[in-house]
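The values are calculated or read from the model by the stated rules, or taken from the named source; none is laboratory data. Just so you know, these numbers come straight off a predicted model, no measurement behind them. Here the Cβ positions follow ideal geometry from the backbone for every residue, glycine too, while neighbour counts run over all protein chains shown. The area values use the complete protein model at the heavy-atom level, side chains included, leaving out ligands, DNA and RNA. Shrake-Rupley method; radii C 1.70, N 1.55, O 1.52, S 1.80 Å.
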Amino acid sequence: MKIVIATNNKKKLAEIQAIMQDERIELISLDRFPGIKDIPETGSTFRENAVIKAKAVYTKTGFPAIADDSGIALDQLDGRPGVYSARYAGKDADDQKNNAKLQQELLAYPEPHTGRYICSAVFYDGKKLLAAEGKLEGKIITIPRGDNGFGYDPYFQPDGYTITTAEMDPAEKNRISHRYHAFQSLKEKIVHEVLTK
């Protein structure tokens, strides 16, 4: 089965491809369809945004689609940045600006700055909608460490670890990440509910 992955983020694409490996599934990158621009994420939850993207990509390509929305939710900030994680410092913000804004807000609170990465992954083929969620608990530190990963990874230290997700080998991060848990669960649902029917 050919499935389009609804992202233009190359690092996220590589993570998803590593998790979703299965001889019955051929993953197609969204850049094979140059006419598709960024899809507005107008939902109020990660799942709503993932559903919006998956349905839009299915409609535009005619192929089953997988989409996800993910971000970081901090307890002291009542779940922020949440669905605004990728654009926390504004519409054209980059990782550096988003992290700077987050660090500035956290100055008002004592450590530890606990929270979690959350990923909602969705499959849509025009008939069936499947969804799964993954989480990675941890805390935000004040001094960035590591060059791997993206987003808030240099500042995020998972529970049970003394290193950040940006200091992890990509394969190790994939074994524990919120994205791994969401896409592994979604892959199992696709296999059981679509490919074996």
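So here's what we get for this one:
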read-out	value
Extension gain (nm, one decimal) between GLN104 and LYS37, 0.36 nm per residue minus Cα-Cα	20.9 nm
Using alpha-carbon coordinates, inclination of helix 46-61 to the longest axis of the chain, degrees	40 degrees
Normalised convex hull volume, segment 30-141, alpha-carbon set, Å³ per residue	106 Å³
Dipole magnitude (debye, nearest 20) for the chain, charges at Cβ of Lys, Arg, Asp, Glu	700 debye
Alpha-carbon spread of segment 109-163, three principal axes, descending order, Å	47, 24, 20
Helix 95-106 vs. the chain, principal-axis angle (Cα, 0 to 90°, nearest 10)	50 degrees
LYS37 - accessible surface, heavy atoms, 1.4 Å probe, Å² rounded to 10	140 Å²
Above-threshold pairs, the threshold being 30 Å between Cα atoms, out of LYS101/LYS127; LYS37/LYS187; LYS10/LYS97; LYS11/LYS91	LYS101/LYS127
Sequence-distant aspartates and glutamates (8 or more away, or on other chains) whose Cα lies within less than 13 Å of LYS128	GLU193
Loop sites in segment 1-95: GluC sites (Glu not before Pro), DSSP, at most 10 other Cβ within 10 Å	GLU23
Taking the chain and dividing mean pair separation by its residue count, relative contact order in percent (alpha carbons under 8 Å, at least six apart)	19 percent
Cα-based helix-to-principal-axis angle, 178-190 vs the chain, degrees rounded to 10	20 degrees
Value at 222 nm in deg cm²/dmol, rounded to 500, when DSSP H runs of n ≥ 4 in the chain each add -39,500 (n - 2.57)	-9000 deg cm²/dmol
Potential lengthening between ASP78 and LEU195 on full extension [0.36 nm per residue; Cα-Cα distance subtracted]	38.2 nm
Accessible area per residue in Å² at 1.4 Å probe, computed on the chain	50 Å²
Carbon/sulfur fraction of accessible area - segment 1-139, other protein chains in place, 1.4 Å, %	50 percent
GNM result for the chain, Cα springs below 10 Å: residue of TYR58, TYR88, TYR109 fluctuating most strongly	TYR109
